[in-house]
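Visitor: Quick one: the structure is below, and I'll ask about it shortly.
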Amino acid sequence: MKKHVSLRVLALLLAAALLPLVCGAAADGPQSADLFVEQISGVDGDFMRGADVSSLLANLRAGAVYYDFDGEPLGQGVDDQGPALMALMAECGFNWIRLRVWNDPYDADGHGYGGGDNDLQAAKTMGLWATQAGMRVLIDFHYSDFWADPGKQLVPKAWADLDIDAKAEALSAFTADSLRTLLDAGVDVGMVQVGNETNGYMCGEKDWANITKLMDAGCQAVRSVDSDILVALHFANPETEDRYASYARTLADAGIDYDVFASSFYPDASGLDEKNNTDNLAAVLQLVADNYGKKVLAVETSWQWNVYPGYEPGAGSAYTGDIQGQADELVDVVKAVKSVGEAGLGVFYWEPAWTPVRSADAFTGQERDAVYSAGWASPYADEYEPGIDWGTTGWADKGMFDHEGHPLDTLRIFQYMQTGAVTERTISRLAPVELTCAVGGEAPALPETVTAQYNDRTREDIPVQWTDADKVDASTAGVYTVHGTAGGMAATATVKVERTSLLVNPGFEDEAMDMYAISDPAQAGRTTDDPYSGSYSLHFWSQDPVEFTAEQTVTLEPGSYVFTFQAQGGDVGGEAETFAYVRLGDETLTDDFALTGWMNWDAPEIAFTVDETAQVAVGVSVKAAPGAWGTMDDFSLGLR
């Protein structure tokens, strides 16, 4: 079997080598596919067509099996499947692979923290597979023992007691030594990231003077090993106003010697943030390229091919929750980067091969992930990041393989961009109808047509038949779903019968926040993080224990009222206290709510009566463990 698999890998590598010839021959017309894909000029050659596959080794060790497009397994075992999968990706048009590196993702007994246990040895193994397949490698140093992102940048255990100068020396040595190890092993490292999503926080440091000292140490370490390797600095949330301009200016003022300003880009599934789109991404990257002379790169992006409960793309989403939506998203990101001109280096898709492992052993999902670290986190990570949610990957619905390891047609996306691709034109989705009215008013009339979006990204209004329009009761506050059919598909209309909110700035859309009394503004404030609706929310996160209240005081006339809001979050710990409250004179009414995970919204509700004109304070109280995070939005206070 070993010999047979080696021949398979050689065949895949040969196909990858011939890909430019194949694409050139097909340039006269688009390929027949399962997708519509726009042909984009200049996505061949040196344009970076990348993917982060850092979880691959752990997945294979846990028993994952991957298949080719004919349904045949890519060999047997880690040593066969790993190289064969890299060769398949090269055949499909990928030319770069990104691999994260954590310092020491293990506890004292050698148990892995999960997420792939991406130490240097794992990067070397997968880096060699990529190099053998003819792809270059981007090494992503997190400078942490586990996940580093805008919400957390935990210092490696070995550096925890170091002052900033000693930490910079340790970071420099770790970078240089790791890079030499990879190069000596034969890994074709073409770019190095000094930090991962370092939004004002890196390796335990929050002060920019210290952050830039660490960045400078890492950049200089790469230069000292090989001056031809590109050096990238990586940031996230391009939708935040002036964020990237501020970062680029800070780096320039500090004299940091780097080549590439790299960005993550993850569209909001709700589609309600006017800045979280590829037009804005292009604009902020263009600013960095023009004003600071840097190359730019979209180093992380993804979109879901499968809709799972609680994460259906909203009515305002630019993309559908299927392989066509996944393809459309990636096409838009590539076009955004290409629009910057020669400074736009390319795009990397995040974790296309991270599948939910279906191994043959007797372990359940969580047990398997604890042993093999194939899930997002293992229980052993709790010692390093207390309260972390652990278990299987949540990325299986955003990869480019199905849950059983068979490739989706989006794995060929970079190949299709060079030729174009077409398929049968069908309706992808019907735009939901959303109507509102006030309590006691007249129920709104339902439309006679709905907008159909087709898989070629065109739209048409088509007739609709509603079946239960009489269910809307405008005399009572609530949300009513009316069903219908259009174009052979199910249509829905959501009618919200709303109370008029008596609060000022209830959705935090206005910049002024003086109407709210927030006990600890360092822990909670108005941000663009995870709003329930609109573009802003009240968001909290702290590396320290979380404890704050946020309230607004209003004067109410006699009557019966209801106070409510939407809340989501996680990592609150076992002793958390989270509740809504209404304070009326000496009496305080409360209603608990739960923070059980990202976008798992809970809505506390307090009904109360005011007998005479009085001042009433309504608000939220959160007491939780270090590292807890969450969002409150759409505060509502109205008559019952």
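The values are calculated or read from the model by the stated rules, or taken from the named source; none is laboratory data. Computed from a prediction, not measured in an experiment: that's the story for all the values here. Every residue, glycine among them, receives a Cβ derived from its backbone with ideal geometry; neighbour counts consider all protein chains shown.
Visitor: Before we move on, is ASP409 in contact (Cβ under 8 Å) with a residue 24 or more places away in the chain, charged (D, E, K, R) and within 20 Å of GLU91 (Cβ to Cβ)? Please lay out each step first, then the result.
Guide: Numbers: in contact (Cβ under 8 Å) with a residue 24 or more places away in the chain: yes; charged (D, E, K, R): yes; within 20 Å of GLU91 (Cβ to Cβ): yes.
Answer is yes for this residue.
Visitor: Now, a different point. Name the residue that is farthest from the chain's Cα centre (by Cα), counting only residues in the range 29-52 that are small (Gly, Ala, Ser) and part of a strand (DSSP E or B). Before the answer, list the steps.
Guide: If we filter the range 29-52 for residues that are small (Gly, Ala, Ser), which is where we start, we get 29, 32-33, 41-42, 45, 50-51.
Going one step further and asking which of them are part of a strand (DSSP E or B), we end up with 32, 50-51.
Values: SER32: 31, GLY50: 17, ALA51: 14 Å.
Looking at the filtered set, the residue picked out is SER32.
Visitor: Here's another thing I want to ask about it. Out of SER263, SER227, SER246, which single residue is in a loop (DSSP other than H, G, I, E, B), outside the structural domain of MET599 (by TED's automatic domain parsing) and small (Gly, Ala, Ser)?
Guide: Details: SER263 fails: in a loop (DSSP other than H, G, I, E, B); SER246 fails: in a loop (DSSP other than H, G, I, E, B).
None of the others qualify; the one that does is SER227.
Visitor: In the set GLU329, GLU383, GLU367, which member is within 29 Å of GLU239 (Cβ to Cβ) and among the charged types (D, E, K, R)? Break it down into steps so the answer makes sense when it comes.
Guide: Numbers: GLU383 fails: within 29 Å of GLU239 (Cβ to Cβ); GLU367 fails: within 29 Å of GLU239 (Cβ to Cβ).
Criteria check complete, one pass: GLU329.
Visitor: Can you tell me which of (1) at pLDDT below 95; (2) surrounded by fewer than 19 Cβ atoms within 10 Å (Cβ to Cβ); (3) out of contact with any Gly (no Cβ under 6 Å at 6 or more places or on another chain) is the one GLY271 doesn't meet?
Guide: That leaves (3) as the condition not met.
Visitor: If I filter the range 463-482 for residues that are in a loop (DSSP other than H, G, I, E, B) and without any contact (Cβ under 8 Å) to a residue 24 or more places away in the chain, do I get at least one hit?
Guide: In the first step, residues of the range 463-482 are kept if they are in a loop (DSSP other than H, G, I, E, B); the result is 464, 467-468, 472-477.
Next, from what is left, pick out any that are without any contact (Cβ under 8 Å) to a residue 24 or more places away in the chain: 467-468.
Yes, that holds for at least one residue.
Visitor: Is it the case that some residue within the range 211-233 is touching a residue at least 12 places away in the same chain (Cβ under 8 Å), touching a Gly at 6+ places or on another chain (Cβ under 6 Å), of a type outside the set (Lys, Arg) and closer than 17 Å to LEU171 by Cβ?
Guide: Of the range 211-233, the ones touching a residue at least 12 places away in the same chain (Cβ under 8 Å) are 211-226, 229-233.
Pick out the ones that are also touching a Gly at 6+ places or on another chain (Cβ under 6 Å) and you get none.
Scanning the range 211-233, I find no residue that is touching a residue at least 12 places away in the same chain (Cβ under 8 Å), touching a Gly at 6+ places or on another chain (Cβ under 6 Å), of a type outside the set (Lys, Arg) and closer than 17 Å to LEU171 by Cβ, so the answer is no.
Visitor: So if I check each of ASP510, ASP530, which one is within 30 Å of GLY316 (Cβ to Cβ), charged (D, E, K, R) and surrounded by 15 or more Cβ atoms within 10 Å (Cβ to Cβ)?
Guide: Working: ASP510 fails: surrounded by 15 or more Cβ atoms within 10 Å (Cβ to Cβ).
None of the others qualify; the one that does is ASP530.
Visitor: Sort through LEU595, LEU589 and tell me the only one that's assigned to a strand (DSSP E or B), over 18 Å from ILE518 (Cα atoms) and not acidic (Asp, Glu). Steps first, answer last, please.
Guide: On the way: LEU595 fails: assigned to a strand (DSSP E or B).
Among LEU595, LEU589, only LEU589 is assigned to a strand (DSSP E or B), over 18 Å from ILE518 (Cα atoms) and not acidic (Asp, Glu).
Visitor: Out of curiosity, is LEU179 farther than 22 Å from THR250 by Cβ, modelled with pLDDT of 95 or more, part of a helix (DSSP H, G or I) and not acidic (Asp, Glu)? First the steps, then the outcome.
Guide: Working: farther than 22 Å from THR250 by Cβ: yes; modelled with pLDDT of 95 or more: yes; part of a helix (DSSP H, G or I): yes; not acidic (Asp, Glu): yes.
So LEU179 passes the test.
Visitor: Which one of the conditions (1) under 24 Å from GLU605 (Cβ atoms); (2) without any contact (Cβ under 8 Å) to a residue 24 or more places away in the chain does GLN568 fail to meet, given that it meets all the rest?
Guide: Here GLN568 clears every test but (2).
Visitor: So ASP70 ticks every box in (1) under 24 Å from the mean Cα position of the chain (by Cα); (2) free of Cβ contacts under 8 Å to residues at least 12 places away in the same chain but one. Which box is left unticked?
Guide: Looking at each condition in turn, ASP70 falls short on (1).
Visitor: Another question about this same structure. Before we move on, is LEU88 assigned to a strand (DSSP E or B) and of a type outside the set (Ser, Thr, Tyr)? Working first, answer last.
Guide: On the way: assigned to a strand (DSSP E or B): no; of a type outside the set (Ser, Thr, Tyr): yes.
For LEU88, the condition - assigned to a strand (DSSP E or B) and of a type outside the set (Ser, Thr, Tyr) - is not met.
Visitor: For the range 428-450, how many residues meet the condition of being modelled with pLDDT of 95 or more and not in a loop (DSSP other than H, G, I, E, B)?
Guide: The qualifying residues number 2.
Every residue, every condition in (1) surrounded by 15 or more Cβ atoms within 10 Å (Cβ to Cβ); (2) in contact with a Lys or Arg (Cβ under 9 Å, 6 or more places away or on another chain), yes or no:
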{"residue": "PHE593", "(1), (2)": "yes, no"}
{"residue": "TRP598", "(1), (2)": "yes, no"}
{"residue": "GLU605", "(1), (2)": "no, no"}
{"residue": "VAL610", "(1), (2)": "yes, no"}
{"residue": "SER621", "(1), (2)": "yes, no"}
{"residue": "ALA624", "(1), (2)": "yes, no"}
{"residue": "LEU637", "(1), (2)": "yes, yes"}
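Visitor: Take LEU154 and decide whether it is touching a Ser or Thr at 6+ places or on another chain (Cβ under 9 Å), in the same structural domain as CYS219 (by TED's automatic domain parsing) and in a loop (DSSP other than H, G, I, E, B). Break it down stepwise before answering.
Guide: Values: touching a Ser or Thr at 6+ places or on another chain (Cβ under 9 Å): yes; in the same structural domain as CYS219 (by TED's automatic domain parsing): yes; in a loop (DSSP other than H, G, I, E, B): yes.
Answer is yes for this residue.
Visitor: Sticking with this structure for a sec: Pairs, please: C-beta under 6 Å, at least 6 apart or cross-chain, first residue closer than 17 Å to PRO531 by Cα and in the range 576-605, second of a type in the set (A, V, I, L, M, F, W, C) and part of a loop (DSSP other than H, G, I, E, B)?
Guide: From residues that are closer than 17 Å to PRO531 by Cα, the pairs are LEU595/VAL572; ASP602/PHE593; ASP602/ALA594; PRO604/PHE593.
Visitor: Follow-up. Looking at VAL562 and the list (1) among the hydrophobic types (A, V, I, L, M, F, W, C); (2) without any contact (Cβ under 8 Å) to a residue 60 or more places away in the chain; (3) surrounded by 14 or more Cβ atoms within 10 Å (Cβ to Cβ), which single condition is not satisfied?
Guide: If we test VAL562 against (1) among the hydrophobic types (A, V, I, L, M, F, W, C); (2) without any contact (Cβ under 8 Å) to a residue 60 or more places away in the chain; (3) surrounded by 14 or more Cβ atoms within 10 Å (Cβ to Cβ), just (2) comes out false.
Visitor: Identify the residue in the range 533-559 that is among the small types (Gly, Ala, Ser), buried (at least 16 other Cβ atoms within 10 Å of the Cβ) and assigned to a loop (DSSP other than H, G, I, E, B) and, among all such residues, is modelled with the lowest pLDDT. Step through it out loud before you land on a result.
Guide: Taking the range 533-559 and keeping what is among the small types (Gly, Ala, Ser), we get 533-535, 537, 542, 550, 559.
The next check asks that each one be buried (at least 16 other Cβ atoms within 10 Å of the Cβ); those that pass are 534-535, 537, 542, 550.
Cutting the leftovers down to assigned to a loop (DSSP other than H, G, I, E, B) gives us 534-535, 542.
Working: GLY534: 84, SER535: 88, SER542: 89.
For the range 533-559, the residue satisfying everything is GLY534.
Visitor: Take the residues of the range 61-78 that are modelled with pLDDT of 95 or more and not in a loop (DSSP other than H, G, I, E, B): which is surrounded by the fewest Cβ atoms within 10 Å (Cβ to Cβ)?
Guide: PRO73
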